1. Shape call for the stretch 89-161 from the C-alpha gyration tensor, a ≥ b ≥ c root eigenvalues: rounded (a/c under 1.5), prolate (a/b greater than b/c) or oblate?
2. Is the shape of the stretch 35-154 best called rounded, prolate or oblate, per the rule: a/c under 1.5 gives rounded, else a/b larger than b/c gives prolate, else oblate, with a ≥ b ≥ c the square roots of the Cα gyration tensor eigenvalues?
3. Just rank 129, 85, fewest to most, by other beta-carbon atoms within 10 angstrom.
4. What shape does the stretch 46-113 have by the C-alpha gyration tensor, where a ≥ b ≥ c are the square roots of the eigenvalues, rounded means a/c under 1.5, and otherwise prolate means a/b greater than b/c and oblate the rest?
5. In which sequence would 81, 139 go, from the one with the fewest C-beta neighbours within 10 Å to the one with the most?
6. Find how much the distance from residue 127 to residue 92 grows on full extension, using 0.36 nm per residue of separation minus their present alpha carbon separation; answer in nm with one decimal.
């Protein structure tokens, strides 16, 4: 009986920096611009927590507080977002997180989507895009980082938290 080798692909965020030994200055190009995550959240404190957690995980977060602004960013030619993390209820705007995620999938059918919500979890099966993850509030910022990494690694849904 012969065994076939397995192929495993693992996404590991990383940053390449080059340091000038004379001035100790970082003059190299960070590769994190290739790992930009669009975060749509209307609460400033949560924006800050997510930005820090994603940065610590090797990602760059592009933060916006409205669904309308998120749609504009998704439609722009640059940057290309590697994932979307969106709150569902985005305040007073007309566009909610469900709409943002559907639009993101129209732009890029493979983009990983992580939803955050305090009260809309029951609607996820009906309104959420396939192969997405839902994280309920309150959450630890590491849960979002784990969900994004899981979706990037597998291209599929991670367990709901």
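1. Working: a/c = 1.74, a/b = 1.11, b/c = 1.56.
Oblate, since a/c reaches 1.5 and b/c is not below a/b.
2. In terms of gyration-tensor shape, rounded.
3. Going from sparsest to densest Cβ surroundings: 129, 85.
4. Working: a/c = 1.79, a/b = 1.17, b/c = 1.53.
Oblate, because a/c is 1.5 or more while a/b does not exceed b/c.
5. Result, fewest neighbours first: 139, 81.
6. Values: separation 35, 0.36 × 35 = 12.60 nm, distance 1.92 nm.
Working it through step by step, the gained length comes to 10.7 nm.
Every read-out reported here was derived from the displayed coordinates using simple, explicitly stated rules and does not represent laboratory data. This one's a predicted model, so the numbers in the text were calculated from it and none came from an experiment. Quick reminder, even Gly has a Cβ in these numbers, built from the backbone with ideal geometry, and neighbours come from all protein chains shown.
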